[in-house]
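Data first, discussion second: the structure below is written as C-alpha cells.
Every number here is computed from the coordinates shown, using simple stated rules; none is lab data. Computed from a predicted structure; not experimentally measured. Neighbour counts run over all protein chains shown; Cβ positions are idealised from the backbone, glycine included.
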Amino acid sequence: MLNIIPVMDLMNGIAVSGKSGNRNRYLPLKTIFSSNSNPYSIAKSLKMSGANELYIADLDIIEKKGHNLDSIKMMNSVIPLMLDAGIKNLNSFKFFLDFAYKIIVATETIESIEEIYKIFDKFPKERIVVSVDIKNNTLYNSSKDFNLSLDEFKKELIAISPNEIIFLDISRVGNKSGINIELINKFKEFKDKLILGGGIRKEDLNLIENLGIKKVLVGTELHEGEIPLNSYKL
C-alpha cells in the first residue's frame, strides 16, 4: 500500500496553502489536524495520527524573504522532515543538514547539474532527495546555468542513482487536478524510488499504487480530510 507523506508549506512563521505554485496567493492553512496554522502544532498532530515523515517547503527561504528555521528544527525533533529550502549548491545543502533529516535538491533552485554531483559525492544518499520539478510539462529551473531538458535530466538521474526522487508537477499543486500519467510514465524505470506529488486526489491512489509507486506527497486533500492518513500508510 501507499505511504502518504503530508505536505506543509511555511511562510511568515505559519503553515500556508496555495494553488499551482502561485506564492503570491497563499493563505493560512486550514487543516483537520489543528485548530490553527501553527506548523509545530500541526506536525505534532500528524505524528500522533500516524505520519512517519513530513515534507516541508520554506517559501520564505526559497523567495529570499527570510526563514522559518526555528520552527523547522522544532518540527524535526517531533517527526523526520524532508526539507525544501531552495538548495542552490553544495554549501547551502551542507548548512541545512543541521535542520532536517533529509534535504531536497530541487531542479527549481539548483544552480547546475555539477552542484548535484558535488552533493552526492560529499554526502550519503540517505540524506538527499532529488526533486524533479515540472511546470507546464517541462523541467522547471530558475538558473541560467541549468538548461537541461526533462529527458537530459533523466539521463543524469540514471548516472547519479538517488535513493529517492520526488516527481512534482507544480502546475497541479493545490488544485485537485489529478496526476499526469504521460509524464509519470516517462520515469517509470524509477518507480521504486519515486515520490509522486502535485494535485493528487483520493481517486488517484489505486492507480498510483498499480503503477508500482510506493510514496506520495499529499497536501490539500489530506488537510481537508478527503484522504485519511492511516488508510493508505504502509
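Per-structure values
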| item | result |
| --- | --- |
| Centroid-to-centroid separation of segment 51-114 and segment 171-191 [C-alpha atoms, Å] | 23 |
| Nonlocal amide H pairs with ALA57, under 5 Å, H built at 1.01 Å | MET8, ASP9, LEU10, ASP84 |
| Amide H contacts of VAL105 (H built 1.01 Å from N, under 5 Å, at least 5 apart or other chain) | VAL129, VAL130, SER131 |
| Listed residue (ILE116, ASN136, GLY225) projecting farthest to the positive dipole end of the chain, Cβ model | GLY225 |
| Rounded, prolate or oblate (a/c below 1.5 giving rounded, otherwise prolate when a/b exceeds b/c) for segment 1-71 by Cα gyration tensor | prolate |
| Relative contact order computed over the chain (Cα-Cα under 8 Å; 6+ residues apart), in percent | 22 |
| Farthest toward positive dipole pole in the chain [+1 Lys/Arg, -1 Asp/Glu at C-beta], among ILE62, VAL78, LEU97 | VAL78 |
| Under the Karplus curve 6.51 cos²θ - 1.76 cosθ + 1.60, θ = phi - 60°, whole-Hz ³J(HN,Hα) for segment 186-192, x wherever Gly or Pro sits | 5, 10, 5, 5, 9, 4, 6 |
| Backbone HN-Hα couplings from phi across segment 49-65 [Karplus 6.51/-1.76/1.60, Hz, Gly and Pro as x] | 7, x, 5, 10, 6, 9, 8, 10, 10, 8, 5, 5, 5, 4, 8, 6, 10 |
| Scaled radius of gyration (Cα, divided by 2.2 N^0.38 Å) that segment 100-234 gives | 1.05 |
| Estimated 222 nm signal from helices in the chain, with DSSP H stretches of n ≥ 4 weighted -39500 (n - 2.57), rounded to 500 | -7500 deg cm²/dmol |
| Lys/Arg +1, Asp/Glu -1 at C-beta; the chain dipole; positive extreme among LEU168, ILE87, MET48 | MET48 |
| The chain: radius of gyration over Cα atoms, expressed as a fraction of 2.2 N^0.38 Å | 0.93 |
| Length added when fully stretched, LYS65-VAL78, from 0.36 nm per residue minus Cα-Cα | 2.1 nm |
| Reciprocal mean inverse distance between Cα atoms of segment 44-120 - Kirkwood radius, Å | 12.9 |
| At 1.002 mPa s and 20 °C, Stokes D of segment 155-234 from Kirkwood alpha-carbon radius, µm² per second | 164 |
| By average C-beta atoms within 10 angstrom, highest first, the peptides 42-52, 148-158 | 42-52, 148-158 |
| Karplus-derived HN-Hα couplings along segment 32-47 (A = 6.51, B = -1.76, C = 1.60, θ = phi - 60°), whole Hz, x at Gly and Pro | 5, 8, 6, 7, 9, 9, 6, x, 5, 4, 5, 4, 4, 5, 4, 4 |
